[in-house]
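Note sheet for the following structure.
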Amino acid sequence: MVDAIHIIGGGMAGVEAAWACARAGVPAVIHEMRPKVGTFAHRTGDLAEMVCSNSFRSDDHEQNAVGLLHWEMRAAGSITMEMAARHRLPAGGALAVDRDAFSAAVTAAVRGHPLVSVVEEEMTALPDDGSWIVATGPLTSGALAKSIRQATGAEHLAFFDAIAPIVHADTIDMGVAWRQSRYDKGETEEERTAYINCPMDRAHYEAFIDALLAAEKTEFREGETAGYFDGCLPVEVMAERGRETLRFGPMKPVGLTNAHAPDVKPYAVVQLRRDNALGTLYNIVGFQTKMKHGAQAAVFRMIPGLKDAGFARLGGIHRNTFINSPTLLDDRMRLRARPWLRFAGQITGVEGYVESAAMGMLAGRLAAAEAKGATLPPVPAATAVGALLSHITGGADAKTFQPMNVNFGLFPPLPEARSGRRGRAERYKGYTDRAKADWTAWLSGTVAQAAE
Ligand SMILES: Cc1cc2nc3c(=O)[nH]c(=O)nc-3n(C[C@H](O)[C@H](O)[C@H](O)COP(=O)(O)OP(=O)(O)OC[C@H]3O[C@@H](n4cnc5c(N)ncnc54)[C@H](O)[C@@H]3O)c2cc1C
């Protein structure tokens, strides 16, 4: 058995990983570079610092996927959820906290645990043996990023996310849109109909370009681009380069025939590509953007067929170090090529404080069980934790992999549920009930196996 599980990074994922190990009786060592080495976003030397918003988002565990994740984490003894409850601020249905009190409390609890120690140092290379969890987050230091890049291959480590909006498939109006791959390319019927196409006439296209140009945008923060940004053009920047640029780029209308009006040649076409194995999510191809969220929803709902679109996530471009997990990790979060290294948190391609913390907790449990010679049963895919894990280790398309928040589009559909907006409340309750039952069963199995 290894002496201890070593965790690189004491952020949301790192503290949960250490806590999970300690709860299982396995010593954990956190290697955290702050306060010796800082990042452009962190302000303190505390563990689990919230770098921006002070909210863990919705706490509704019946109708919201992130609220369900809170529920699952509480059931598993999460340290961030425990300290969030103690330092909660009034925020309607959201779980918002006093950020400094929260981080200070997590730091005190983790540092005070007899099985956890914290070493203040920057790790500059991936270790060659032992049992490690890499949880260095979106702002992984340059030296370690270089080492990860060497281990994974340059094409499998990104320094920026370039996220196109992702739409729930059942909110696309298929009375307007149609399924077809450009030039009907593909060996199988599935491939020939892999894309969903939304047609525009000239007037529509011109109005859409005007809206893109007028929309409010966010700017990169000072220091954020720091020699990394390698030019993934936002859709509005393409529009700024010329009104026809998009029509000759991602919106080109060639090789496509409108199934609803075969004789009318569209002036431009917006394409959506399947984003997960379940076929419940579609991303808008080439539409990465720096538009503000409110503006995005308004502009993208101008696209014919997307008038009532529900967005699983809106687009963005941020400094964000993440690996291509679907290619690199096994279903136990281990780097296939170096199985003594696990990855956890935002660096695995989940997005957000809660998702990162949840993946840290899971990595800690898996590593601790392994250290004790036990193998945990697979995490049920219908739980929020399992849906995230399945997404990053196999459900997502590796070619277009971009970070993702938890959302019901990642859950296996409920066969008996009604689709569409009308059935939504009942469907979401169905997802959360099923998840709670599966998670409770998994946790009790975990306890039995870890104790072996
Ligand atoms: C500018 C910015 C704003 C964000 N805003 C939000 C938001 O409002 N809401 C939200 O939910 N999410 C937000 N995020 C995403 C957020 O950072 C993550 O969701 C969350 O913090 C990720 O948790 P993590 O543990 O993976 O990484 P982090 O919490 O960043 O923790 C990683 C830790 O690793 C340390 N580290 C890095 N490299 C090394 C090294 N080589 N050796 C030792 N230690 C190292 C870092 O100092 C850090 O403490 C934001 C991210 C950024 C960059």
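The values are calculated or read from the model by the stated rules, or taken from the named source; none is laboratory data. Note that the coordinates shown come from a computational prediction; the quantities given were computed from them, not determined experimentally. Note that each Cβ is placed from the backbone with ideal geometry, even for glycine, and that neighbours are counted across all protein chains shown.
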- Item | Where a residue in the range 377-390 is under 18 Å from His70 (Cβ atoms) and its partner, wherever it lies, is of a type in the set (D, E, K, R) and not in a helix (DSSP H, G or I), with Cβ under 9 Å and at least six apart | Val379/Asp331; Leu389/Asp331
- Note on the structure: Checked Ile166, Ile148 against criteria (more than 9 Å from the ligand (Cβ to nearest atom), under 20 Å from the mean Cα position of the chain (by Cα) and closer than 19 Å to Glu32 by Cα); the one match is Ile148
- Message: Residues to consider are Val2, Val37, Val51; find the one that is part of a loop (DSSP other than H, G, I, E, B) and more than 11 Å from the ligand (Cβ to nearest atom).
- Response: Val2
- Task: State which residue is farthest from the ligand (Cβ to nearest atom) when the search covers only the range 108-145 and only residues that are within 22 Å of Ala358 (Cβ to Cβ) and hydroxyl-bearing (Ser, Thr, Tyr).
- Result: Ser131
- Looking at Arg247, Arg243, which one is assigned to a loop (DSSP other than H, G, I, E, B), modelled with pLDDT of 95 or more and not assigned by TED's automatic domain parsing to the domain that holds Gly10? Arg243
- Item | Lone unmet requirement of (1) of a type outside the set (A, V, I, L, M); (2) out of contact with any helix residue (DSSP H, G or I) (no Cβ under 8 Å at 6 or more places or on another chain); (3) within 16 Å of Thr136 (Cβ to Cβ) for Gly14 | (2)
- Mind listing just one residue for me: the one in the range 231-266 that is among the small types (Gly, Ala, Ser) and either out of contact with any Gly (no Cβ under 8 Å at 6 or more places or on another chain) or surrounded by fewer than 14 Cβ atoms within 10 Å (Cβ to Cβ) (or both) and, of those, farthest from Pro165 (Cα to Cα)? Ala261
- Note on the structure: When every residue in the range 186-216 that is in contact (Cβ under 8 Å) with a residue 60 or more places away in the chain and more than 29 Å from the chain's Cα centre (by Cα) is compared, the one surrounded by the most Cβ atoms within 10 Å (Cβ to Cβ) is Pro199
- Item | Ala367 more than 19 Å from the chain's Cα centre (by Cα), within 16 Å of the ligand (Cβ to nearest atom) and more than 19 Å from Tyr428 (Cβ to Cβ) | yes
- Message: It is to be established whether one or more residues within the range 84-92 are outside the structural domain of Gly310 (by TED's automatic domain parsing), of a type outside the set (Val, Ile, Thr), more than 8 Å from the ligand (Cβ to nearest atom) and under 25 Å from Trp132 (Cβ atoms).
- Response: no
- Query: Of the residues Ala158, Ala105, which single one is of a type outside the set (Ser, Thr, Tyr), crowded, with 18+ Cβ neighbours inside 10 Å and either more than 16 Å from the ligand (Cβ to nearest atom) or more than 23 Å from the chain's Cα centre (by Cα) (or both)?
  - Reply: Ala105
- Item | Per-region count, the range 55-90, residues part of a loop (DSSP other than H, G, I, E, B) and surrounded by fewer than 18 Cβ atoms within 10 Å (Cβ to Cβ) | 4
